[in-house]
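Participant: So that we are looking at the same thing, I have put the structure below in structure tokens.
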């Protein structure tokens with residue numbers, strides 16, 4: 001008898017024969033299988049057994065296999081309701097007619113994969129199911145860790161806000177209540193110590209194992225322990241990519257904490273722009289090539305140098321180019337254009353990053369630079385990240401005395417523009433450009 005696997009699967013199909021076949025094939029592999037013959041029964045199963053992560057073991061449905069074409073509500077509608085209830089739900093759609101449009105519609109609504117009936121190859125079914133279950137477990141683990149990181153960040157921000165509020169209050173009451181000032185100062189020192197310890201502890205506890213995970217995963221992919229099967233390679237690559245995403249998210253949290261605590265300083269100098277932009281191309285080109293995205297970098301002939309902190313300028317461009325590649329579909333275009341404006345008078349360098357991605361609705365443009373903000377649309381839900389990259393860009397451009405704005409059209413793409421003070425020669429910067437920063441939607 002096959003050992004029971006820890007995986008609960010719901011099969012939904014109005015064809016009793018298909019339900020029976022799937023139940024037999026999956027049960028033989030040790031899965032626990034529930035079945036439904038229409039959408040209403042499927043929704044009742046999901047409500048009864050629970051779909052949200054964190055419920056008791058055995059109660060949760062880990063994966064759903066569902067026919068697209070069923071009596072109302074059809075498979076697409078059930079998929080939509082299921083994904084609204086649980087963004088981590090893994091659903092494999094079945095279609096009896098090879099309709100690419102229908103399959104792509106299911107994928108847009110969040111389906112993990114689809115299979116075409118009749119299912120002549122049981123091994124293909126079992127392979128897709130196992131990958132779906134692996135993804136489900138990975139999503140749940142990632143969300144749990146991200147929630148822990150978010151809690152740590154929010155708690156740290158709460159402590160910092162409390163410290164600043166206490167400082168303001170103490171300044172008003174210092175003349176009359178000196179003893180309260182002394183008590184509050186001791187509290188502030190403790191909060192500062194806790195903040196530093198929090199950042200140091202989180203850094204040690206996360207960076208060390210993350211570096212090991214990423215390093216060993218890459219070593220396995222490089223064949224240090226011999227060749228792997230395609231499935232093993234796929235799973236190890238997922239581990240490495242998940243580790244890299246977590247590392248990037250944690251870096252963003254640390255940067256935001258430092259920015260909120262005013263721990264970031266500007267080390268500005270005259271920077272040659274052409275070699276810097278070529279270096280940025282090398283950093284992001286592999287990501288663009290993986291999606292078949294055309295990446296172009298254009299520099300106007302009169303652009304030579306800019307007055308900037310080179311490390312922070314690279315970070316700003318990396319965030320903008322990375323976002324553009326992430327939110328641009330395969331075979332799209334991403335470009336970076338460097339030019340000087342205006343033609344006369346004090347001039348500034350403008351770096352415009354454009355894409356042919358999903359775009360941003362008008363009502364969400366104002367919030368794109370806020371921490372933990374991402375475009376709220378079904379097309380963006382599969383994209384990873386904490387939504388801190390643009391907030392970091394905004395902080396850095398303000399440190400430079402510059403501006404940043406976005407122009408976008410939903411479905412056509414977006415353009416993010418950085419405007420920075422210009423240095424035409426080493427050490428030569430127009431001080432009139434180092435004014436109070438302004439950040440908005442346009443010029």
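The values are calculated or read from the model by the stated rules, or taken from the named source; none is laboratory data. Predicted, not measured: the structure shown is a model, and the values here were computed from it. Neighbour counts are summed over all protein chains in view; Cβ atoms, including those assigned to glycine, are modelled from backbone coordinates with ideal geometry.
Participant: In this structure, is residue 393 part of a helix (DSSP H, G or I), under 27 Å from residue 145 (Cα atoms) and modelled with pLDDT of 85 or more?
Facilitator: Spelling it out, residue 393 is indeed part of a helix (DSSP H, G or I), under 27 Å from residue 145 (Cα atoms) and modelled with pLDDT of 85 or more.
Participant: Quick check: is even one residue across the range 422-429 modelled with pLDDT under 90 and part of a strand (DSSP E or B)?
Facilitator: The answer is yes; a qualifying residue exists.
Participant: Would you confirm, using the coordinates I've provided, whether residue 125 is outside the structural domain of residue 20 (by TED's automatic domain parsing) and touching a strand residue (DSSP E or B) at 6+ places or on another chain (Cβ under 8 Å)? Walk me through it before giving the result.
Facilitator: Values: outside the structural domain of residue 20 (by TED's automatic domain parsing): yes; touching a strand residue (DSSP E or B) at 6+ places or on another chain (Cβ under 8 Å): yes.
Yes, satisfied.
Yes/no matrix, rows are residues, columns are (1) free of Cβ contacts under 8 Å to residues at least 12 places away in the same chain; (2) exposed (fewer than 13 other Cβ atoms within 10 Å of the Cβ); (3) over 21 Å from the mean Cα position of the chain (by Cα):
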| position | (1), (2), (3) |
| --- | --- |
| 282 | yes, yes, yes |
| 288 | no, no, no |
| 294 | no, no, yes |
| 299 | no, no, yes |
| 312 | no, no, no |
| 319 | no, no, no |
| 324 | no, no, no |
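Participant: Residues that are modelled with pLDDT under 85: list the helices (runs of 4 or more DSSP H) wholly contained in the range 6-108 that include at least 1 such residues.
Facilitator: 39-49, 75-85, 100-108
Participant: Tell me, yes or no, whether the range 371-390 has at least one residue that is crowded, with 16+ Cβ neighbours inside 10 Å, over 30 Å from residue 112 (Cβ atoms) and modelled with pLDDT of 80 or more.
Facilitator: no
Participant: So residue 111 ticks every box in (1) outside any loop (DSSP other than H, G, I, E, B); (2) touching a strand residue (DSSP E or B) at 6+ places or on another chain (Cβ under 6 Å) but one. Which box is left unticked?
Facilitator: So the condition that residue 111 fails would be (1).
Participant: With the requirement that a residue be surrounded by fewer than 16 Cβ atoms within 10 Å (Cβ to Cβ) and in a helix (DSSP H, G or I), what does the range 114-133 give you?
Facilitator: Listed by number, the residues that qualify are 122, 123, 124, 126, 127.
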